[in-house]
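The values are calculated or read from the model by the stated rules, or taken from the named source; none is laboratory data. A quick note: this is a predicted structure, and the numbers were derived from the prediction, not measured. Glycine also receives a Cβ, built like all others from the backbone with ideal geometry; neighbour counts cover every protein chain displayed.
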Amino acid sequence: MLSLPSAWLAELNDQHALIADPDGRATVLTELAVSAHRRCDVDADQLADMLEFAESARLWALEHDQPCGPLRVDLGSTRR
């Protein structure tokens, strides 16, 4: 079973902060993960998982921040 530091998980789950600054929050998550590894709080496999989660969270936030709406295609403006 995957066990990651609870403080790091709390940062990962802060969706508002992730959406507000995806790159900055991913950097913080990465630095926290590397720090945890240096302190031997997590092993190499856990570190790899944490880094993957940080990047996935960044990509999620970037995608989530995009406006959602209908795709507007004006087919009537085509000239022949």
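When residues in segment 19-54 are screened for being surrounded by 13 or more Cβ atoms within 10 Å (Cβ to Cβ) and in contact (Cβ under 8 Å) with a residue 24 or more places away in the chain, 16 of them pass. Just the residues that are over 9 Å from the mean Cα position of the chain (by Cα), in contact (Cβ under 8 Å) with a residue 24 or more places away in the chain and surrounded by 14 or more Cβ atoms within 10 Å (Cβ to Cβ), please, taken from segment 6-18. Once the filter is applied, which keeps residues that are over 9 Å from the mean Cα position of the chain (by Cα), in contact (Cβ under 8 Å) with a residue 24 or more places away in the chain and surrounded by 14 or more Cβ atoms within 10 Å (Cβ to Cβ), segment 6-18 yields only Trp8. Being of a type in the set (Asp, Glu) and at pLDDT 95 or above is a description that does not apply to Glu63.
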